[in-house]
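Bear in mind these aren't lab numbers, they're just calculated from the coordinates by the rules spelled out. In this text, all values refer to a predicted model and were calculated from it rather than measured experimentally. All Cβ positions, even for glycine, are placed from backbone atoms using ideal geometry, and neighbour counts span all protein chains on display.
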Amino acid sequence: MPGQLKEVRSRIKSTQSTQQITKAMKMVSAAKLRKAQDNIIKIRPYSKNLFEVCQHVLANETDLSQVPFLQQRDTKHVLFILITSDRGLCGGYNSNIIKLAKHTIQEKYANAQITFWHLGKKGFEGFAKFQYQQNTDFKDIFINYNYTQVSKLAQKAIEGFLNKTFDIVDVIYSEFKNAASQMPTVERFLPITLQPATTKMKTDFIFEPDKLSLLNALIPAILTNKIHKAILDAQASEHGARMTAMDKASDNANELLKNLKVSYNRARQAAITTELTEIVSGAAALKG
């Protein structure tokens, strides 16, 4: 019985220590989430309007075949830019993105050659045992994240599409909805697809310089911004997922502590009852 009490006390102490850690991690993630949420809320209108400008210009281009960013080709080689986190303890955040990537390959690109560019370590770990081509040049992008790194990544992906190394480039990440909701998403990066509303956008603009020169300067900037937005979405989603996971872990620890304390009190009462029984039995034996 004393051994059982010692084991329960040890489990209570261990659970309390774990709960302190999960509460601290929740507070840290909540602070990071506020900053990440502000960043993504600010960039969304800019990104949306920038893309609308591109749509307007494309709507006024009569010969779209001269715009290489719109070229549709047979799908032989697909590039996935996979955005995950460097650390775990964020619930199903990383596993959901990896599952979506696998599902997309099976459903759409089963016969294509697949290449992964990993942003974050968990995606690389998730696909390490598969035979896909893996590029880890940007795996540690979150250590010292800045816009210059995004520009290099976008430029490299654009060059890969224009020189026909890749026929399709998709970005897979988790779109931020709110702290409790993140949506794993596959977003087309290249080739650019025109929105249905484009046909209604046609108006008479005077372009200086010419339209093709404008598009060649505008589209790379839009694509760089697109990846930057996806990364900001992913960061906000990660912190939201980790905050939610740590909150649930703290609640589970609380529930476990209640059960352990009940078990401890029962074991203690049983030990006291056993001792009293032994004392009474001993006293009765002495009288006899």
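A few remarks follow.
- Less than 5 angstrom separates the built amide H of I81 from those of W117, D170, V171, I172, all sequence-distant by 5 or more or on a different chain.
- Nearest-ten-degree value, helix 211-287 long axis tilted from longest Cα axis of the chain: 10 degrees
- Added length on full extension, which subtracts the Cα-Cα distance from 0.36 nm per residue, S65 to K164: 34.1 nm
- Rounded tilt (10° steps) of 93-108 against the dominant C-alpha axis of the chain: 50 degrees
- Tilt relative to the chain, helix 2-59 - C-alpha long axis, 0 to 90 degrees, to 10: 10 degrees
- Net +/- balance of residues flanking K122 in space, Cβ distance below 11 Å, scoring K and R +1, D and E -1: 0
- Ranked by how many other beta carbons lie within 10 Å on average, peptides 73-81, 242-250 from highest: 242-250, 73-81
- Taking all Cα pairs closer than 8 Å and separated by 6 or more residues, the relative contact order of the chain comes to 32 percent.
- Among [x] 71, 54, 35; [y] 116, 39, 33; [z] 64, 51, 40, the entry derived from the coordinates for Cα extents along the principal axes in Å: [y]
- Segment K42-Q133, extension gain: residue separation times 0.36 nm, minus the distance between their alpha carbons: 29.3 nm
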